[in-house]
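Beneath this line is the structure, given in structure tokens, with notes to follow.
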Amino acid sequence: MWHKILWESEKELKAHVFFFRKDGSRCTDRSALEPSFLHQRKQAVLVNLGGLSNPFVSNDLMSKFANLLAESCALAVADQTGEIIVATNPKFAKEMPKRLNAATLSPGHIQNHLEQVRVAFMTSGLGNLIEASSAGVPVVWLPPTNDSQGQQIQLLKRRDMVDWSLDWNDFTDGPEIDYFRPQETVMNEIKSKMLMVLESRTYQERLRHVLAEKVKSSLYPQSSLKIERLVDEYGQNGIKDLAEIVRKWVQDHDKK
């Protein structure tokens, strides 16, 4: 990835690169900067809905939920940031209001946006997880729309690698979803939650409220991002390694 190449180049040129603190003084170590200062010039927000999928949910229903998520994210950051950029598939993008700047973006374009935004909302697919781990941007993980997304975010939580995330029970009532149960069961439970949210203004208001609370704390992180440890622990093959962990976990769970 180009940003990793640049990072290696920066290491080699470290003695010649300076970062400026808020008070105008300079330093050679980026980590010496105040966390809030690192993000104060970034005003855009990325909403990446590229992994929004569930084979048990119709395209029309998922499109409505994608629209609700994008609108909710936009409202959550309305008083905090500037432009919002929504990355999604062509059908969902076409059905969203123009103010959301919804479009289908290539992985390269998403990566470029991710490194320039102040905060990002993303689905917890493997690709998004590994991108977020090296982008250095606060990410709020959206509620899982399939079993694998739920499994991945749960495993990372157990390793304390999740900074901010939403699960369905953060804004709806009823039993929590066990993402390691049989796939069909999990997918149908997610579909039921999705329908509940689309049909309830109360749940929609809760969703916006929870998103806004997550954003408030993510805009000014007081320490290094937990998700960055994903690269440290799993290296550049993080996607492959994490997928293998999920596979083994599901197999072991099924044997019990």
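Rule-based calculations on the coordinates, nothing more; no lab input. Note that the structure is a prediction, hence the values are computed from the model and not measured. Cβ coordinates were reconstructed from backbone atoms using ideal geometry, including for glycine residues, and neighbour counts include every protein chain displayed.
Fully extended, how many nm does the chain gain between ASP173 and GLU95 (0.36 nm per residue separation, minus their Cα-Cα distance)?
25.2 nm
From the Cα gyration tensor of the range 42-158, with a ≥ b ≥ c the square roots of its eigenvalues, which class applies: rounded if a/c is under 1.5, or else prolate if a/b is larger than b/c, or else oblate?
On the way: a/c = 1.56, a/b = 1.04, b/c = 1.50.
Note, shape of the range 42-158 comes out oblate.
So who's got an amide H within less than 5 Å of the one on VAL140, skipping anything under 5 residues away but keeping other chains? H placed 1.01 Å off N, in plane.
Answer set, sorted by chain and number: ALA120, PHE121, MET122.
Quick check on packing: order 54-60, 124-130, 207-213, 175-181 by the mean number of other C-beta atoms within 10 Å, highest mean leading. The partial results should precede the final answer.
Working: 54-60: 13.7, 124-130: 21.1, 207-213: 19.1, 175-181: 16.0.
Result, highest mean first: 124-130, 207-213, 175-181, 54-60.
Once amide H atoms are placed 1.01 Å from N in the peptide plane, what residues at a sequence separation of 5 or more from ALA102, or on another chain, have their amide H within under 5 Å of its amide H?
Counting only residues 5 or more places away or on other chains, the set is VAL86.
Taking the Cα of HIS209, stepping 7 Å toward and past its beta carbon, and measuring to each backbone N in the range 47-90: which are under 20 Å?
Flagged as within label range: 68-80.
Of LYS91/LYS216; LYS157/LYS216; LYS94/LYS216; LYS98/LYS214; LYS64/LYS191, which ones are farther than 22 Å apart at the Cα? Write out the running numbers ahead of the final one.
Details: LYS91/LYS216 31 Å; LYS157/LYS216 20 Å; LYS94/LYS216 30 Å; LYS98/LYS214 25 Å; LYS64/LYS191 12 Å.
With Cα atoms farther than 22 Å apart: LYS91/LYS216; LYS94/LYS216; LYS98/LYS214.
Quick one: length gained pulling ASN188 to LYS216 fully straight, 0.36 nm per residue minus the C-alpha distance?
On the way: separation 28, 0.36 × 28 = 10.08 nm, distance 3.22 nm.
Answer, rounded to one decimal: 6.9 nm.
Spin-label point model (7 Å from Cα, Cβ direction): what's the SER200 to GLU228 distance in nm?
3.8 nm
Can you tell me the dipole magnitude for the range 52-160 around its Cα centre, using point charges on the Cβ only (Lys, Arg +1; Asp, Glu -1), in Debye to the nearest 20? Could you put the intermediate results ahead of the total?
Numbers: 9 positive and 9 negative charges, 17 e Å.
With Lys and Arg at +1 and Asp and Glu at -1, about 80 debye.
How large is ³J(HN,Hα) for each residue in the range 172-187, as worked out from phi by the Karplus curve 6.51 cos²θ - 1.76 cosθ + 1.60 (θ = phi - 60°), to whole Hz, x for Gly and Pro?
Using θ = phi - 60°, the values come out as 10, 9, x, x, 5, 8, 8, 6, 9, 6, x, 4, 4, 4, 5, 4 Hz.
Ranked highest first by the average count of other Cβ atoms within 10 Å around their residues, in what order do 90-96, 44-50 fall? Mind showing how you got there, number by number?
Details: 90-96: 16.1, 44-50: 23.7.
Taking the mean over residues of other Cβ atoms within 10 Å, the ranking is 44-50, 90-96.
Can you work out the base-10 log of I(q)/I(0) for the range 159-220 at q = 0.23 1/Å, using the Debye formula on its C-alpha atoms alone?
-1.01
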